[in-house]
Every structure is written in C-alpha cells, then in structure tokens.
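Visitor: Got a structure for you, written out below as structure tokens; questions coming shortly.
The values are calculated or read from the model by the stated rules, or taken from the named source; none is laboratory data. Source: prediction; values computed, not measured. Neighbour counts are summed over all protein chains in view; Cβ atoms, including those assigned to glycine, are modelled from backbone coordinates with ideal geometry.
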Amino acid sequence: MFNVTLISTYDLGHQPFGLASPAAWLVEAGAEVTCVDVSLRPFSPQTVQNANLIAFYLPMHTATRLAVGLIKRVQRINPEAHICAYGLYAPVNEAYLRQLGVHTILGGEFEQGLVDLVTALRDGAPLPSLPSVSLARQQFKRPSRTNLPPLTEYAYLDTPAGRRVVGYTEATRGCKHLCRHCPIVPVYNGRFRIVQPDVVLADIRQQVAAGAQHITFGDPDFLNGPGHALPLVQALHDEFPDLTYDVTIKVEHLQKQAEALPVLRDTGCLFVVSAVEAVDDNILAILDKGHTRDDFVQVTQRMRQIGLPLTPTFVTFTPWTSLRGYADFLALMAELDLVEAINPIQYAIRLLIPEGSRLLELVEVRELVRPFDEAALVYPWSHPNPAVDALYETVFKLVKASQNAGELRQGLSSQTLFRRIWQAVMDLLPAEERADWAEREPVLTQAVRAVPTLSEDWY
C-alpha cells in the first residue's frame, strides 16, 4: 500500500477543501490517504512516520509560515518520505521551500499533479516533469471529507437566530482580474477555473448530511463566471431551501452585475464579503482594484436597499496610508453605518508584499522594500512616516486585546472598539489637525444591527 499524508496547517477556520479534494483523487488512484489538520489537532508523529508521500497544503501566507517548522520536523521523523508542497503559496515560495528540502511544488490546479506524482513514486518510475503551476482544466471529483474533523469543530456562524454550523466548498479557483497586491495573480495570471456544478452540489450535499446549515463559498470572486455561479445557487436553493451561504465578490462586479444581487439574496445568501481594500482613490489605483471610493459608496447603498448585507475587508495599512487618510476611512465607515459589519481585525491589516507580487513592478515599491525576509516570507517595508507605523502597532494591540478578552462574544458592541481606535488616531494627529476633524467626528447609530458573522477572527 502506498501511504500519503496530506497536511493543512491553517485554512481560515474552514474544513479544508484543499485536503478533501485531493484525498478523493488519491484514494481513487489506490493510495491510502491520511488527512491531518493541525489547526484543530496537535501534530502526531504517527501520522507521517510510515508515509511514502507527505504533502503540505499552502493556500495562504499564514499557512505557509506555520508549515515551515513542521516540514523540518517531518523530515527528521521520516527522512525517506517524498515531501511536496501544493496550493496557492507553494509556487511563489518555491525557491525557499526547495531550500527546506521540499521535493515537489504544485500550484494552481494541483489534484492531477498529485496523482501523477503518487503513481510514479508507487511504481518506481522516473518522476514526471510536473510544472510548478498547472492551469489545466480538470474534471473534479466529490471531495472526501471522512478523515477530517467534524464541521462542528470548525468556525461557526453567529446570526440573530443563533449559531449555525458552517461548511465550505469552492465553485471556482483563480481570478480573471490582476489586482497588484493579490497573491492569486502570480499563479493564475488573470485566469480562473471552474469546479463542475454537479461536484459542487455533491460536496454541499454531503456536508449538509454532516450537519452544515450554512456554506461558505471560498471562490476568490464568485461572479467571475456568473453563468456558472447563478444557476448553481439556484439549484442549491431548490434542493436545500433553508440552507444559507456567503460569497466573496469584488466591488467592480457588485456594481456591473447588480442584476445578480437579488438572485443571491433570494437563494439564501446571508452576506457578501468584498475586498474593498481602501477608500483612498490613489491607493485603489496603485493596487489596481478596478473601483473607486464612489463606486464602493454606491454599492454599499444599493446592497442595503435590496437587503443583502455587505461585509467589507480592507488593507488598512499601506506605504501610502496617512493619519488623515486612516481617520477618513473610519469616518466613512461610520457614515455608511458599516461599523458592525466589519470584523475587528480589518482595522489592523498591514499590506504584505510576498515573492512574485505585482507591486514589485512599481519602482517606488522596489525602492521602499528591504531584502526578502525568508522567515516572514515577505519583503518588509516601513512607512515613510513613523507615526503611521506607530498607529498600526496601537490599533493592532487594541484589536488583539479586544479579541483576547472576548468582548464581541460577550455582547460588547463593535462600536466600543471603533471609538478606541478613533481616539488612538486623534492622539497621534497634530493638535491643529485634530480640530479639523471635530465636524466629522463619527456619530454612531445607537441601535446595534445584528450582522451575521463567522467566528474565525481572521476570516
């Protein structure tokens, strides 16, 4: 028997599709597959000591950093095993991962590559020349979730009606847009691939049978292919009318495909996550986001009118953020009545510039960053104004202190943290500038709106 261990270190509180999907492919290919999610279970040497192939799923920056130490550890436990890294962050960190002793790198559409690798290793054949990035169109299989912890151990959804068990699936991968800061771009380069609708529905069906009451679609942008997405959620609603879901959609699509929004609302979409990133048009242009501040304001108002909540996410600290700009961001969130819709960590998100980032195409960015930090897996940068870096440190500490104290879980409004952050900005502004903000000091609504929220603080 050929033994494969698939390892996930972190996937935003979701039951990892990136383990369940390849597990199905590998079991069908005749492998004995063990799935290990160390975000929920302490790592056990027994899970890798007899493995012929140990493959680490690296979908994001945090997962990759957490995997580094574990890669070294499994090599000591099982030095004969073939080590593979796969997922979005594997190819962009290929050079460093190979220094660690990783033998095979698979990015993009990785399932078939894993099968080809297992087949060669099992049969003693020469290893295939596998590309580090494959965008081949695949015929997906229903993910195998039987070896993963139950859904009840993963992130849940808080709603006015109580907690809901959350499942997770993907209907597409990649993205047809080229935002400069996005980690998807170096791998997919403006392309996306679909997971066949029958496979998506079969995956959701098995998760509903396992207790899922809500589904998170992990697609980078659910409306990259509306002809794929909308019939899918309509079929989903027809089969499971009480099942709710959430999706991620960029502002540009929310604006240009406004006719899709009532369809989402009427088929059970509880909220839409959107990577707004900034409200400063200069920063939005640098990031090549494809929308403006006014676009965001209009989309927010339209979605409120149709009754589809918006959950915006941001990169609040960039080399181009100013103290006044951060105060303006806070004031706009209050004006748009979005304070309760923002996960607190969004106030303290600092721009990451990983290997392969399109931001490095900009001369001003190349002149700003320091040499690549292998331990952090980023090009470090400092803000030209030290006061902005000081604000970041202050805001991050305020957010973490609130999270550690469980304030939101105890019913303390997000408005309380918002006011602390506002005061931190005012404390750093010169006295003459503070007076300018007296007229725009946020006036928060007294009624706290209950917004559906995932329990994972980093979602």
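Visitor: Could you check region 261-279 and list, in sequence order, the residues that are over 16 Å from GLU239 (Cα atoms) and buried (at least 19 other Cβ atoms within 10 Å of the Cβ)?
Guide: Within region 261-279, LEU261, LEU270, PHE271, VAL272, VAL273, SER274, ALA275, VAL276, GLU277, ALA278, VAL279 meet the criteria.
Visitor: Among the numbered criteria (1) surrounded by 14 or more Cβ atoms within 10 Å (Cβ to Cβ); (2) more than 23 Å from ARG65 (Cα to Cα), which one does VAL399 miss?
Guide: (2)
Visitor: Okay, next question. Inside region 150-162, can you point out the residues that are free of Cβ contacts under 8 Å to residues at least 60 places away in the same chain and either out of contact with any strand residue (DSSP E or B) (no Cβ under 8 Å at 6 or more places or on another chain) or among the basic types (Lys, Arg) (or both)?
Guide: Scanning region 150-162 gives ALA161, GLY162.
Visitor: GLY290 fails exactly one of the following numbered conditions: (1) surrounded by fewer than 21 Cβ atoms within 10 Å (Cβ to Cβ); (2) outside any loop (DSSP other than H, G, I, E, B); (3) outside the structural domain of ARG440 (by TED's automatic domain parsing). What is the number of that condition?
Guide: (2)
Visitor: Surrounded by fewer than 20 Cβ atoms within 10 Å (Cβ to Cβ) and not basic (Lys, Arg): is that true of LEU127 in this structure?
Guide: yes
Visitor: For ARG358, only one of the following conditions fails: (1) in contact with a helix residue (DSSP H, G or I) (Cβ under 9 Å, 6 or more places away or on another chain); (2) buried (at least 18 other Cβ atoms within 10 Å of the Cβ); (3) under 19 Å from PHE418 (Cβ atoms). What is its number?
Guide: So the condition that ARG358 fails would be (3).
Visitor: With the structure loaded, tell me whether PRO380 is in contact with a Lys or Arg (Cβ under 7 Å, 6 or more places away or on another chain) and either surrounded by 12 or more Cβ atoms within 10 Å (Cβ to Cβ) or in the same structural domain as VAL272 (by TED's automatic domain parsing) (or both) or whether it fails that test.
Guide: Yes: the conditions hold for PRO380.
Visitor: Return the total of residues in region 32-58 being more than 18 Å from ALA85 (Cβ to Cβ) and more than 19 Å from the chain's Cα centre (by Cα).
Guide: 8
Visitor: Still on this structure: So VAL363 fits all but one of (1) at pLDDT 95 or above; (2) hydrophobic (A, V, I, L, M, F, W, C); (3) in contact with a helix residue (DSSP H, G or I) (Cβ under 6 Å, 6 or more places away or on another chain); what number is the exception?
Guide: Failing condition for VAL363: (3).
Visitor: In region 104-119, is there at least one residue being hydrophobic (A, V, I, L, M, F, W, C), more than 26 Å from SER39 (Cα to Cα) and surrounded by fewer than 20 Cβ atoms within 10 Å (Cβ to Cβ)?
Guide: No: zero hits.
Visitor: Consider region 308-346. How many of its residues are in a helix (DSSP H, G or I) and more than 24 Å from ASP246 (Cα to Cα)?
Guide: Of the residues in region 308-346, 11 are in a helix (DSSP H, G or I) and more than 24 Å from ASP246 (Cα to Cα).
Visitor: Which one is surrounded by the most Cβ atoms within 10 Å (Cβ to Cβ), of the residues in region 420-440 that are over 19 Å from ASN385 (Cβ atoms) and without any contact (Cβ under 8 Å) to a residue 12 or more places away in the chain?
Guide: Among those residues, the one meeting the criterion is GLN423.
Visitor: Need pairs with beta-carbon distance below 7 Å; first residue free of Cβ contacts under 8 Å to residues at least 40 places away in the same chain and within region 103-117, second part of a helix (DSSP H, G or I) and surrounded by fewer than 24 Cβ atoms within 10 Å (Cβ to Cβ); sequence gap 6+ or separate chains.
Guide: Close Cβ pairs satisfying both conditions: ILE105/GLU94.
Visitor: Just wondering, is there one or more residues in region 64-78 that are surrounded by 23 or more Cβ atoms within 10 Å (Cβ to Cβ), under 12 Å from SER8 (Cα atoms) and either touching a helix residue (DSSP H, G or I) at 6+ places or on another chain (Cβ under 8 Å) or in the same structural domain as ASN189 (by TED's automatic domain parsing) (or both)?
Guide: Looking for residues that are surrounded by 23 or more Cβ atoms within 10 Å (Cβ to Cβ), under 12 Å from SER8 (Cα atoms) and either touching a helix residue (DSSP H, G or I) at 6+ places or on another chain (Cβ under 8 Å) or in the same structural domain as ASN189 (by TED's automatic domain parsing) (or both), one finds at least one in region 64-78, hence yes.
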